[in-house]
Amino acid sequence: MQSEMITADNLSPELLKSVFDSAFMEATMENGGDITVQEAVKVRVKVNERKNRIRFMSVFGFKENAKQAAQLECVNLINSEYIMVCASAEENLLFFRYDLGVVGGLTKKALVMAVKQFAEIPHQAVTDHGQELVD
């Protein structure tokens, strides 16, 4: 990987895809510019409109019989224990997300390491706090 920094000036889905490709990560780009990276989980990677941050997101489904109160308790426990991710529940889905800022610049290695670290968290969080609730 080149040592070029990722900044708001050069941040684009194409740049991110090239970084993942250079790191030999399985990454695909969709028509809207979102990138899906397959690590321990599928991670959706998206550049925000202002080009000052990169969002990582992973989605799991709650079991049909999982009550909303139990879903919210699961989310609250995950949010209280896992600092890097923000968990939320909506329409019987469990969302994990993390926003990585690029203000001041971000190395390509830091991007790759952040995606890999993010991808390790959802399975452990579900095991710890929602194993009986999540498909």
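The values are calculated or read from the model by the stated rules, or taken from the named source; none is laboratory data. Given the structure is predicted, the values throughout are model-derived calculations rather than measurements. Cβ sites come from the backbone with ideal geometry, for glycine too, and all protein chains shown count toward neighbours.
THR28 falls short on exactly one of the conditions (1) of a type in the set (Ser, Thr, Tyr); (2) under 15 Å from the mean Cα position of the chain (by Cα); (3) surrounded by 13 or more Cβ atoms within 10 Å (Cβ to Cβ), and that condition is (3).
If you go through segment 92-108 one residue at a time, do you hit one that is within 21 Å of MET25 (Cβ to Cβ), of a type outside the set (Asp, Glu) and part of a helix (DSSP H, G or I)? Yes, that holds for at least one residue.
Can you tell me which residues in segment 64-91 are β-branched (Val, Ile, Thr) and assigned to a helix (DSSP H, G or I)?
Of everything in segment 64-91, those that are β-branched (Val, Ile, Thr) and assigned to a helix (DSSP H, G or I) turn out to be VAL75, ILE78.
For segment 34-47, indicate whether the set of residues that are among the acidic types (Asp, Glu) and exposed (fewer than 14 other Cβ atoms within 10 Å of the Cβ) is non-empty. No; the residues of segment 34-47 include none that is among the acidic types (Asp, Glu) and exposed (fewer than 14 other Cβ atoms within 10 Å of the Cβ). Considering the conditions (1) closer than 14 Å to VAL134 by Cα; (2) out of contact with any Ser or Thr (no Cβ under 7 Å at 6 or more places or on another chain); (3) at pLDDT 95 or above, GLU14 is excluded by exactly one of them, (1). Cβ-Cβ distances below 7 Å connect the following pairs, each with a first residue in segment 73-88 that is closer than 17 Å to MET57 by Cα, a second residue that is among the polar types (S, T, N, Q), and a separation of six or more residues or different chains: VAL75/SER88; MET84/GLN117; CYS86/ASN79; ALA87/ASN79. Selection over segment 103-135 of residues that are among the charged types (D, E, K, R) and surrounded by 13 or more Cβ atoms within 10 Å (Cβ to Cβ) gives a count of 4.
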